[in-house]
Structures are given as C-alpha cells and as structure tokens.
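Chemist: Here's a structure for you.
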Amino acid sequence: MDPVNIHKGIVIPLDRANVDTDAIIPKQFLKSIKKSGFGPNLFDEWRYLDHGEPGQDNSKRRINPDFVLNIPRYKNGSILIARENFGCGSSREHAPWALLDFGIKIVIASSFADIFYGNCFKNGILPIILDKATMDKIFTKVEAKVGYEITVNLQKQKIYYDSEITSFEVDSFKKSCLLDGLDDIGLTLKNKVDIENFEKKYHESFPWLNSGEKLK
Amino acid sequence: MGISLYEKVFNRHVVRKDEGTYLLYIDRHLVHEVTSPQAFEGIRISNRNIWRKNSIIAVPDHNVPTTDRTVKIKDPISRIQVETLDKNCEEFNLLQFKMDDRRQGIVHVVGPEQGSTLPGMTIVCGDSHTSTHGAFGAIAMGIGTSEVEHVFATQCLIVNKFKTMRVVVNGDLQYGVTAKDVALEVIGKIGTAGGTGHAIEFTGTTIQSLSMEGRMTLCNMAIEAGSRVGLIGVDNKTIDYIQDKPLAPKGDLWEKAKKDWLGLVSDEDAKFDSEIKIDGSLIEPQVTWGTSPEMVVSITSKVPNPADFSDKTLSSSYQIALKYMNLKPETPINKIAIDKVFIGSCTNSRIEDLRAAASIVGTKKIAKNIKLALVVPGSGLVKLQAESEGLDKIFKNAGFEWREPGCSMCLAMNADKLGPGERCASTSNRNFEGRQGQGGRTHLVSPQMAAAAAIYGKFVDIRELN
C-alpha cells in the first residue's frame, strides 16, 4: 500500500447522499479474482448509458455526459466529495479498489458507512468526515471555479482550500498505517505470542466453542 | 454499573488493548467465493499460513446458478470464481460445502443451520449481512477482503469498540406482521445511517416472542440501519434452536455451554449510548418505495411527496429515487403493480419464511401480469425440508418457479435478475439502484407480502386476507 500524507488535487463533486457500494462498483464486476482493473467500471451504471459487463472494451461504450466523472472540468480529479452515509451497503472492498484504480486518493463526506470507511484505510485511500456546513461551502466553491483544487495534510489533519483551513479527526492507529503505508497483518503478527497465549486460555475457558468442528 | 451483552462478548475476546484499538480474537470465519480470492492470494504472496483452519467454513453462494446443478456454471467468469474457492479450500484444507453438497446454501443460512453459529462467539465474514448471526447473542460482523486476509493470518481483527444502541420493541405484532416489518420499521425510524458506529441490541417483548429465524431476519437488517453488529440476548429459544445441530457441543460440554450462554444477556442496569422505543403492536406491513431501505412506508400509506420536506439533501434524494422508481408522489402503495416476485435471500429464505409465503398462496395462482415469481430456498437442507412438507408443490401449482439455493436475485450476480424498468416485490434486504439488475426497481417486503403481491399482481394488505 502506498503511503498517504500530503495530497493536492482537483475536486470531483458527487452531490448525492447514501451513495452505496452497489453504485460505486456494480455486482457483475465483483466476479474478478484480482484487486486491480476496476477503475473503468467505477460508478458504471451512472457513468455509462449502456449496460456494462466485465471484459468489455469500455472506450466503445455510450458515455453519460451528465455524470460528474464525465464532465471535462473534473478530469484528472483525485479528491471525491459527497454527502452523508457514503459507501453504505455491502462490504465489498472492490469499492475502494475501484476508486483507487480510477485515481481517487481522498473521499470527503459528511459521514461514511463503517465497513467502507475501514476498507479505505486498508488500501491507501483517506476518507475524511466534515460537518455539513463545511461540505456545503466546499461544494459551492467547487461549482464556482473550474479546476478547483484543495490540499490535504494527513500528518497535520488539515484541509487547505483557498485561504481557509479546516481540521479533521482521524483515529491515530489508522492515521499511522496510512502515513507509513503499513501492512497491519505484519503488525498484528508481532503480537503472535500474545495471540497464542490468549487462544490457549480462551479454549480452556470456553471449550464448547471449539468442539465438533471436524465435519468432513 | 452493569454491562451490555455487546460488551460482555467483546471483553471475552480482547487479546490486547493498544492505544485506541483492540486486538479481538475471532471464533468463526465464514467464507464465500466473492470476497475471498484476493485474501487467499495475499496469504500465498506473503508466504503466511492460515492461523486456525477449523474456524473456517466456506460455501459458494453469490454466483451459483439456481437452476440445474448438474451442469457447469455457464458464465465463465462466475465459474472461475467458484472454482477458485474450490481450489483454495483444497489447497489450505478447509471445510467447504460445494455447489453439489446438499448443505450448500447462503452462508448466513448455512452457518446457524450447521450449529456453527454459537452464543458468545465472534463471527466474521466478508459480507455485510454477517450481522444475521447476532441473533444468537454473538458479535457477528461483515468485513472487507483485507480483513478476511487478516483473520486468515492472525485469527484476530484490529477493531475499535462500537457504541451501543438499544432498540426496545414491546407489544404483540398484528396478524401478518413479521420480523421483516419490524426491521423495516426500525430502519424507517432511525435511517440507514442511524446505527453507524453502534452495535444495536434488540430487546423487548416483541423480540422475545420472535422465533430464532425471525430474530435472524431482524439482525440481518441491522446493517441496513448502518450498524455492523445487531444482537439479541440468549434465551431458551436460542438454546433449543442450537441443540443437536451438527456442530453444536454435545454431552457434558453442551450442559456447560448452556449454563454459560444463558448469562449472555445485558445486565438490567446496563448503560447504552442511545435508546429507541417502538410499540410493536402499531407496526403495519411495510413496503419500501425508494432506493434506500429507509425509504419505507406501511401498506396503508402513500408514496411521499419530496415537496413536503424542507431538508434539501433529503428532498433531492427523494426526487432522484422517485424518478428511478418511476413513481409519482402520493401514489397509494396498494395501487403499485409489479412484474416479478423474489422470495429468498439471507434475510428471508428459511423454512418459516417459505411456510409463511406458502400459507398465503394456498391453492391460488399468480396474477397474469407477473412475468416471473421465484422461490429460492436459503440452503439445500431448507429446500429438502420444504419439499418434505409439500411447499414446493404449493408454489409450483401457483406458477412460482422452485429453484436451487443461493443468493440469486438479491444481488443478481448470477442469471436471476430484473430487466430495465421491471418492478419487483422482493424479500431481500437492499433496494439500491440496480441491485437486482440494471434499471430494476425493488420493493422490499416480508415473505407473506411478496406472496400476496404475486397472487394479486400488486401490493395488498395481507391483514385483509385474514
């Protein structure tokens, strides 16, 4: 996973609440057994006017000119902003994989669904929660200026836009994982002995949870 | 001060506490074909091992066809995904119920059916509807693929403790009102983000009177209220359901387990971060009208008018939803005609769901305007049980198709899907845009309401059929 710290980028405004993971990456693309290649199908049903299937040549498909990702002024954008409860629905990690593959590094919304929020951190995407009033302000600014950019500094937990600065909250463990691009499995395995000791005692205390497991 | 059920189960599993996070031990890991291949690949690439293989049960469900199982899956990409699960389970020597095993089915139906879901456990699966298993007094939650790999390699997850919310439902449910309606009522009340960051415990006399299958339906939908974890305290119904299941403890261990499990309830003086109270006797059969489970009203109501809402985001969401659903504001719900019916999914595909739907069907036939009515049992064992009771005949005589088990048209990853513009009465859990097929329009209802909609070709108040 690539580390994340300071990022400056064009903002893409997706002015919708409850954007679900089915919308972010529709189910037919979940049949892939890889983690990459989902970018061209990010928001597939909103982005194209025809039905998409895996393996299709997306350059030949009918584009929905009204959808924000297809509007020229947001081309090369890397910061997505949206309304509340972004990423609700299924646990599919294909949603952050698709965002990342498309080039999105940061998602800012007034709230996120829990599973999606956690999945972002595992893949080098920073999800930022801002209050509704600040979101309204940023949406207005993005609309007013072509190529509107903002800068995010994770270490300082600040967003810089025009002459304004807004702070954001982030869990310290998740922050350090993103800053260092850490593999948290490796971190957990440093506590291998703790897990082994716990497991032994645990199964002595609750032996019924480990009974009759051989069904084959 | 007393502690809540969530905290009791949580505390048992804390391996270590670090700054702000906990390393939580995982008892049970359920695996399916869609969210696991990249995790297995990660284990291989990093040359790691699977920590505790007998904590894992794998089953293909999302992609599997619901038609003839003796032929291979037609869609080559789906086939590769299912075959990849087979290969991974063989390579790592994991217990799997393959497509041709009669125990195969939807992972959240199979787990409890096999007795692999037990009170006090921590249960994870790369699927958001893992909350289902919370019905047994377990902490069960959906995880992403990175976390699937993390649990494979470490038997643990790094987590934050959730806040707690208590949803108290008291009173007798009216005839024809089910756990599904309770779930939709709760979601309508608190919204799809109402439970975000919380574990929801459902309590009250209404919940006590629900069967275990009803409780699973309710906890299944906790994620639609934003909560990764929904749970219900253990009582004698929980114990009775588990007894004699293949993986349940036996003999002396069973007696010890039972004693422990009956203590898995919130203390009377437990504190919750928030609480909601609902009068169960007032809940009516629910029907969703929009593209989010919170867009729900009762069968006696009308589709709302976006103009009545001053909140701009809400009003605009409603407008977008009505356009997608092709519905006019203030249309009475019982005037909405449908094209297809789906009875199935991890929410409503268990034997009691099928019995309830069949009881509405009786000797009647589906309406002429219904293009397809599907019944997809939750597992091979549910299917066999239903057939032994003659339920398949009731459905088939009425014009329903009786299929093989799997997720099917809940998410339409296999061949079962809605065409553009088709309107469906569905017992599944999500009415998102395109969920059941691109351009498809989903109305979430209970199995009884879906069966009645098939017979009448539109939504009807099943209380009037009594």
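The values are calculated or read from the model by the stated rules, or taken from the named source; none is laboratory data. Here the structure is a predicted model, which is why all the values come from computation and not from measurement. Please note: Cβ atoms are built from the backbone with ideal geometry, for glycine as well, and neighbour counts cover all protein chains shown.
Chemist: Picking from B:Arg463, B:Arg403, B:Arg430, which residue would you name as being at pLDDT 95 or above and more than 22 Å from the chain's Cα centre (by Cα)?
Modeler: B:Arg463
Chemist: Does segment A:28-37 hold any residues that are touching a helix residue (DSSP H, G or I) at 6+ places or on another chain (Cβ under 6 Å) and either within 9 Å of chain B (Cβ to nearest Cβ) or of a type in the set (D, E, K, R) (or both), and which are they?
Modeler: Within segment A:28-37, A:Leu30, A:Lys31, A:Ile33, A:Lys35 qualify.
Chemist: For segment B:99-110, how many residues meet the condition of being in contact with a strand residue (DSSP E or B) (Cβ under 9 Å, 6 or more places away or on another chain), surrounded by fewer than 22 Cβ atoms within 10 Å (Cβ to Cβ) and within 12 Å of chain A (Cβ to nearest Cβ)?
Modeler: Residues flagged as in contact with a strand residue (DSSP E or B) (Cβ under 9 Å, 6 or more places away or on another chain), surrounded by fewer than 22 Cβ atoms within 10 Å (Cβ to Cβ) and within 12 Å of chain A (Cβ to nearest Cβ) within segment B:99-110 amount to 1.
Chemist: Just give me the residues in segment B:264-306 being small (Gly, Ala, Ser) and either within 27 Å of B:Cys410 (Cβ to Cβ) or within 21 Å of the chain's Cα centre (by Cα) (or both), in sequence order.
Modeler: Once the filter is applied, which keeps residues that are small (Gly, Ala, Ser) and either within 27 Å of B:Cys410 (Cβ to Cβ) or within 21 Å of the chain's Cα centre (by Cα) (or both), segment B:264-306 yields B:Gly280, B:Gly290, B:Ser292, B:Ser298, B:Ser301.
Chemist: Mind listing whichever residues of segment B:434-457 are surrounded by fewer than 24 Cβ atoms within 10 Å (Cβ to Cβ) and either among the polar types (S, T, N, Q) or touching a helix residue (DSSP H, G or I) at 6+ places or on another chain (Cβ under 7 Å) (or both)?
Modeler: Scanning segment B:434-457 gives B:Gln438, B:Ile455.
Chemist: Of (1) more than 14 Å from every other protein chain (Cβ to nearest Cβ); (2) over 23 Å from B:Tyr175 (Cα atoms), B:Ile242 satisfies all except one. Which?
Modeler: Exception for B:Ile242: condition (1).
Chemist: Here's something else I'd like to know. Name the single residue that is surrounded by the most Cβ atoms within 10 Å (Cβ to Cβ) among those in segment B:362-400 being touching a Phe, Trp or Tyr at 6+ places or on another chain (Cβ under 7 Å) and not small (Gly, Ala, Ser).
Modeler: Here the residue is B:Val375.
Chemist: If you don't mind, another one. Select, from A:Val152, A:Val146, A:Val142, the only residue that is loosely packed, with under 14 Cβ neighbours inside 10 Å, within 23 Å of A:Asn76 (Cβ to Cβ) and touching a residue at least 60 places away in the same chain (Cβ under 8 Å).
Modeler: None of the others qualify; the one that does is A:Val146.
Chemist: Which one of these is at pLDDT 95 or above and farther than 21 Å from B:Ser379 by Cβ: B:Val148, B:Val107?
Modeler: Going through B:Val148, B:Val107 in turn, just one is at pLDDT 95 or above and farther than 21 Å from B:Ser379 by Cβ: B:Val148.
Chemist: Also, quick follow-up: Residues in segment B:131-174 that are outside any strand (DSSP E or B) and either closer than 18 Å to A:Asn123 by Cα or not hydroxyl-bearing (Ser, Thr, Tyr) (or both): how many?
Modeler: 25
Chemist: Within segment B:65-75, is there a residue that is facing chain A (nearest Cβ under 9 Å) and buried (at least 16 other Cβ atoms within 10 Å of the Cβ)?
Modeler: Yes.
Chemist: Sort out for me the strands (runs of 3 or more DSSP E) sitting completely within segment B:239-318 that have 2 or more residues that are crowded, with 16+ Cβ neighbours inside 10 Å, polar (S, T, N, Q) and at pLDDT 95 or above.
Modeler: Where strands (runs of 3 or more DSSP E) fall fully within segment B:239-318 and carry at least 2 residues being crowded, with 16+ Cβ neighbours inside 10 Å, polar (S, T, N, Q) and at pLDDT 95 or above, they are B:286-288.
Chemist: Output the number of residues of segment B:319-345 satisfying the condition of being out of contact with any strand residue (DSSP E or B) (no Cβ under 9 Å at 6 or more places or on another chain), part of a helix (DSSP H, G or I) and not polar (S, T, N, Q).
Modeler: Summing the residues that are out of contact with any strand residue (DSSP E or B) (no Cβ under 9 Å at 6 or more places or on another chain), part of a helix (DSSP H, G or I) and not polar (S, T, N, Q) in segment B:319-345 gives 4.
Chemist: What number of residues within segment B:76-97 are under 17 Å from A:Ile33 (Cα atoms) and surrounded by 20 or more Cβ atoms within 10 Å (Cβ to Cβ)?
Modeler: Qualifying residue count, segment B:76-97: 6.
Chemist: Okay, moving on. Residues that are more than 9 Å from chain B (Cβ to nearest Cβ) and under 19 Å from B:Ile143 (Cβ atoms), at least 1 per element: which helices (runs of 4 or more DSSP H) completely within segment A:38-142 meet that?
Modeler: In segment A:38-142, the matching helices (runs of 4 or more DSSP H) lie at A:94-102, A:114-121.
Chemist: Please determine whether any residue of segment A:101-120 is surrounded by fewer than 24 Cβ atoms within 10 Å (Cβ to Cβ), of a type in the set (Lys, Arg) and touching a strand residue (DSSP E or B) at 6+ places or on another chain (Cβ under 7 Å).
Modeler: Yes; the residues of segment A:101-120 include at least one that is surrounded by fewer than 24 Cβ atoms within 10 Å (Cβ to Cβ), of a type in the set (Lys, Arg) and touching a strand residue (DSSP E or B) at 6+ places or on another chain (Cβ under 7 Å).
Chemist: Turning to a different aspect of this structure: Based on what the data block shows, is B:Ala270 among the aliphatic types (A, V, I, L, M) and either under 20 Å from B:Ile351 (Cα atoms) or touching a Gly at 6+ places or on another chain (Cβ under 6 Å) (or both)?
Modeler: So B:Ala270 fits the description; yes.
Chemist: Examine segment B:78-90 for a residue that is in contact (Cβ under 8 Å) with a residue 24 or more places away in the chain, within 11 Å of another protein chain (Cβ to nearest Cβ) and assigned to a loop (DSSP other than H, G, I, E, B), and state whether such a residue exists.
Modeler: No.
Chemist: Only one of (1) over 25 Å from B:Ser128 (Cβ atoms); (2) in contact (Cβ under 8 Å) with a residue 24 or more places away in the chain; (3) touching a Lys or Arg at 6+ places or on another chain (Cβ under 9 Å); (4) part of a helix (DSSP H, G or I) is not met by B:Asp392, so which one is it?
Modeler: Of everything listed in (1) over 25 Å from B:Ser128 (Cβ atoms); (2) in contact (Cβ under 8 Å) with a residue 24 or more places away in the chain; (3) touching a Lys or Arg at 6+ places or on another chain (Cβ under 9 Å); (4) part of a helix (DSSP H, G or I), B:Asp392 misses just condition (2).
Chemist: Also: Looking only at segment B:338-358, decide whether some residue is more than 25 Å from the chain's Cα centre (by Cα) and farther than 15 Å from B:Arg403 by Cβ.
Modeler: no
Chemist: Can you confirm whether segment B:334-346 contains a residue that is within 14 Å of another protein chain (Cβ to nearest Cβ) and in contact with a Cys (Cβ under 8 Å, 6 or more places away or on another chain)?
Modeler: Within segment B:334-346, one or more residues are within 14 Å of another protein chain (Cβ to nearest Cβ) and in contact with a Cys (Cβ under 8 Å, 6 or more places away or on another chain).
Chemist: Next up: Determine if segment B:363-375 includes at least one residue that is basic (Lys, Arg), in contact with a strand residue (DSSP E or B) (Cβ under 7 Å, 6 or more places away or on another chain) and not in a strand (DSSP E or B).
Modeler: yes
Chemist: Restricting to segment B:421-466, count the residues that are closer than 19 Å to B:Ser408 by Cβ and either without any contact (Cβ under 8 Å) to a residue 60 or more places away in the chain or assigned to a strand (DSSP E or B) (or both).
Modeler: 14
Chemist: Among (1) touching a His at 6+ places or on another chain (Cβ under 8 Å); (2) more than 7 Å from chain A (Cβ to nearest Cβ), which single condition is B:Pro119 missing?
Modeler: Every condition holds for B:Pro119 apart from (1).
Chemist: Still on this model: Count, please, the residues in segment B:52-62 that happen to be in contact (Cβ under 8 Å) with a residue 60 or more places away in the chain, in contact with a Gly (Cβ under 8 Å, 6 or more places away or on another chain) and within 9 Å of chain A (Cβ to nearest Cβ).
Modeler: Qualifying residue count for the region: 1.
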